[in-house]
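Written out below as structure tokens is the structure these notes cover.
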Amino acid sequence: MTAQPTYLSPRELSITPDEHRYLVRAAEILAPMSAGERITIPGDGEYEFDMGLVEKDLYVSHDSYEKCGTAGCILGLCRVLAAVDKSTAFDIDSVPVLGMFYSDALVPLFYPDTLYSYTRITPAHAARATRHFLETGEIDFGDPEGTEPAT
């Protein structure tokens with residue numbers, strides 16, 4: 001039997017409890033996937049994981065999230081999961097003024113500072129990086145074709 005991972009608390013990670021919950025769910029969905037496999041979101045639809053989608057400037061709200069297709073990236077998957085649950089987590093419409101609609105601590109996870117194209121990040125690689133953040137509070141994407149992030 002595989003031991004359940006031990007994650008830091010939302011407070012320790014400087015994120016909200018809702019953000020924490022959807023990051024855990026995103027990691028669980030992405031972990032068993034292979035490159036090119038489609039994500040099926042109950043109550044929503046299918047998406048292909050492509051971290052490169054995060055490089056596009058896309059508007060997302062409860063009414064338009066399905067039009068952007070960003071469930072293909074970590075942030076987009078969290079947005080879609082939250083929208084299906086009717087949660088305001090990751091919802092740009094929940095921000096009263098122009099600004100971030102998620103915690104600052106998540107910026108490097110959603111927009112990694114890498115030397116390679118985001119399109120090289122596979123679902124399994126994104127899941128490992130997400131779990132690593134939840135376990136340590138650190139962002140480590142490594143190199144998808146070389147060094148993997150710590151597990």
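Residue count for region 138-148 under the criterion of being modelled with pLDDT of 75 or more and surrounded by fewer than 14 Cβ atoms within 10 Å (Cβ to Cβ): the result is 1. One residue is enough: does region 11-19 have a residue meeting the conditions part of a helix (DSSP H, G or I) and either more than 18 Å from LEU134 (Cβ to Cβ) or of a type in the set (Ser, Thr, Tyr) (or both)? No, region 11-19 contains no residue that is part of a helix (DSSP H, G or I) and either more than 18 Å from LEU134 (Cβ to Cβ) or of a type in the set (Ser, Thr, Tyr) (or both).
Residues are listed down the side, and each one gets a yes or a no for (1) under 16 Å from the mean Cα position of the chain (by Cα); (2) of a type in the set (Gly, Ala, Ser); (3) at pLDDT below 75:
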{"position": "ARG38", "(1), (2), (3)": "yes, no, no"}
{"position": "LEU53", "(1), (2), (3)": "yes, no, yes"}
{"position": "LEU58", "(1), (2), (3)": "yes, no, yes"}
{"position": "THR70", "(1), (2), (3)": "yes, no, yes"}
{"position": "VAL80", "(1), (2), (3)": "yes, no, no"}
{"position": "SER87", "(1), (2), (3)": "yes, yes, no"}
{"position": "VAL95", "(1), (2), (3)": "no, no, yes"}
{"position": "GLY99", "(1), (2), (3)": "no, yes, yes"}
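Would you check if there is a residue in region 31-49 being buried (at least 20 other Cβ atoms within 10 Å of the Cβ), assigned to a helix (DSSP H, G or I) and either in contact with a strand residue (DSSP E or B) (Cβ under 6 Å, 6 or more places away or on another chain) or aliphatic (A, V, I, L, M) (or both)? The answer is no, given that none of the residues of region 31-49 is buried (at least 20 other Cβ atoms within 10 Å of the Cβ), assigned to a helix (DSSP H, G or I) and either in contact with a strand residue (DSSP E or B) (Cβ under 6 Å, 6 or more places away or on another chain) or aliphatic (A, V, I, L, M) (or both). The C-beta contact set for region 14-43 (first residue in contact (Cβ under 8 Å) with a residue 40 or more places away in the chain, second residue buried (at least 16 other Cβ atoms within 10 Å of the Cβ) and of a type in the set (Lys, Arg), distance under 8 angstrom, 6+ apart or interchain) comprises ALA27/ARG131; ALA31/ARG128; ALA31/ARG131. Mind counting the residues in region 75-91 that are in a helix (DSSP H, G or I) and small (Gly, Ala, Ser)? Residues meeting the conditions: 3.
The values are calculated or read from the model by the stated rules, or taken from the named source; none is laboratory data. In this text, all values refer to a predicted model and were calculated from it rather than measured experimentally. A quick note on method: Cβ atoms are made from the backbone with ideal geometry, for glycine too, and the neighbour counts reach across all protein chains shown.
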